[in-house]
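See structure below.
The values are calculated or read from the model by the stated rules, or taken from the named source; none is laboratory data. What you see is a predicted model, and the numbers here were worked out from it, not measured in a lab. Neighbour counts run over all protein chains shown; Cβ positions are idealised from the backbone, glycine included.
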Amino acid sequence: MNKSKILLADDHELFREGLAKIINSQPDLEVVGQAEDGLEALALATKLQPDLIIMDINMPLSHGIEATQLIHAQFPKIHILILTVYEEEEKLFQAIKAGAQGYMLKTSSTAGLLRGVYGALDGESSMPRKLANRVLAEFSNILRVPGYTANSELPALLTSREQDVLTILATGATNQDIADQLNISLQTVKTHVKNILGKLQAKSRKEAAELGIKQGLVHSKK
């Protein structure tokens with residue numbers, strides 16, 4: 001049986017060890033590395049290429065949200081699950097914008113934690129019910145704003161790397177051109193483009209470029 005590889009990033013060793021014990025007790029999960037700060041998490045993600053990173057928000061050197069953004073930009077296929085003591089809407093939105101797959105509380109039960117881990121590995125989003133309800137309520141309020149269109153709030157979900165890709169894409173560049181300019185792999189570019197089209201609800205590269213220009217996501221050339 002192939003085990004899913006998990007990387008833990010938290011500056012509290014006792015918490016990491018307890019979490020590792022829970023995860024390693026599952027026959028199809030394996031903790032392959034542990035980091036105590038965001039920069040170490042990035043280094044280990046590069047070296048180990050885990051399927052999932054469980055990331056704390058408050059860590060030294062590079063906090064969890066910053067580390068999430070850096071890792072997601074370089075390795076978009078790695079799922080990232082934020083695990084924190086904070087039940088705050090602002091933290092949730094920051095985590096999502098950075099590229100996190102889910103947002104869970106450290107007070108979750110073992111069963112709830114494992115559900116979140118398996119859900120994230122399957123591409124599902126996890127978040128506390130209270131925060132999920134607030135997100136839905138906020139989205140409902142947005143829909144009632146006069147002049148709102150379906151794409152109005154979506155640009156906030158683009159990462160900085162996705163905005164870089166969109167900026168070059170808007171010039172009519174091919175995926176290979178984008179890869180060469182950003183010094184990333186062709187497959188990474190394809191993944192970014194797919195994510196951009198999905199987040200902007202665009203049917204084509206041209207439509208994504210037009211939306212990007214309209215919403216101010218395409219960087220101006222100096």
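Scanning region 185-195 for residues that are hydroxyl-bearing (Ser, Thr, Tyr), surrounded by fewer than 20 Cβ atoms within 10 Å (Cβ to Cβ) and assigned to a helix (DSSP H, G or I) yields one hit, Thr191. Give the residue that is surrounded by the most Cβ atoms within 10 Å (Cβ to Cβ), with candidates limited to residues of region 104-126 that are more than 15 Å from Ile6 (Cα to Cα) and at pLDDT below 85. Only one residue fits best here, namely Ser126.
Do you know which residues across region 201-211 are exposed (fewer than 15 other Cβ atoms within 10 Å of the Cβ) and assigned to a loop (DSSP other than H, G, I, E, B)? Once the filter is applied, which keeps residues that are exposed (fewer than 15 other Cβ atoms within 10 Å of the Cβ) and assigned to a loop (DSSP other than H, G, I, E, B), region 201-211 yields Gln201, Lys203, Ser204.
Of the strands (runs of 3 or more DSSP E) entirely within region 1-76, those holding at least 1 residues that are touching a residue at least 24 places away in the same chain (Cβ under 8 Å) and of a type in the set (D, E, K, R) occupy 4-9, 29-35.
Take Ala95 and tell me if it is part of a helix (DSSP H, G or I) and farther than 25 Å from Val189 by Cα.
On the way: part of a helix (DSSP H, G or I): yes; farther than 25 Å from Val189 by Cα: no.
Here the answer is no, as Ala95 does not meet what is asked.
In summary, Gly198 fulfils each of the numbered conditions (1) free of Cβ contacts under 8 Å to residues at least 60 places away in the same chain; (2) assigned to a loop (DSSP other than H, G, I, E, B) with the single exception of condition (2).
Return yes when Gln74 is modelled with pLDDT under 85 and surrounded by fewer than 22 Cβ atoms within 10 Å (Cβ to Cβ) and no when it is not. No, not satisfied.
Going through region 89-117 one residue at a time, which ones are of a type in the set (Lys, Arg) and in contact with a helix residue (DSSP H, G or I) (Cβ under 8 Å, 6 or more places away or on another chain)?
Residues satisfying the conditions are Lys91, Lys97, Lys106.
Here is the figure for region 1-48: residues that are in contact with a Lys or Arg (Cβ under 9 Å, 6 or more places away or on another chain), of a type outside the set (A, V, I, L, M, F, W, C) and under 17 Å from Ser108 (Cα atoms) total 1.
Just the residues that are surrounded by 15 or more Cβ atoms within 10 Å (Cβ to Cβ), of a type in the set (Val, Ile, Thr) and over 19 Å from Thr68 (Cα atoms), please, taken from region 159-184. Residues satisfying the conditions are Thr167, Ile168, Ile178.
Residues checked against (1) part of a helix (DSSP H, G or I); (2) at pLDDT below 85:
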{"site": "Glu138", "(1), (2)": "yes, yes"}
{"site": "Ser152", "(1), (2)": "no, yes"}
{"site": "Asp164", "(1), (2)": "yes, no"}
{"site": "Ile178", "(1), (2)": "yes, no"}
{"site": "Ile213", "(1), (2)": "yes, yes"}
{"site": "Leu217", "(1), (2)": "no, yes"}
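Scanning region 18-30 for residues being surrounded by 14 or more Cβ atoms within 10 Å (Cβ to Cβ) and more than 24 Å from the chain's Cα centre (by Cα) gives a total of 1.
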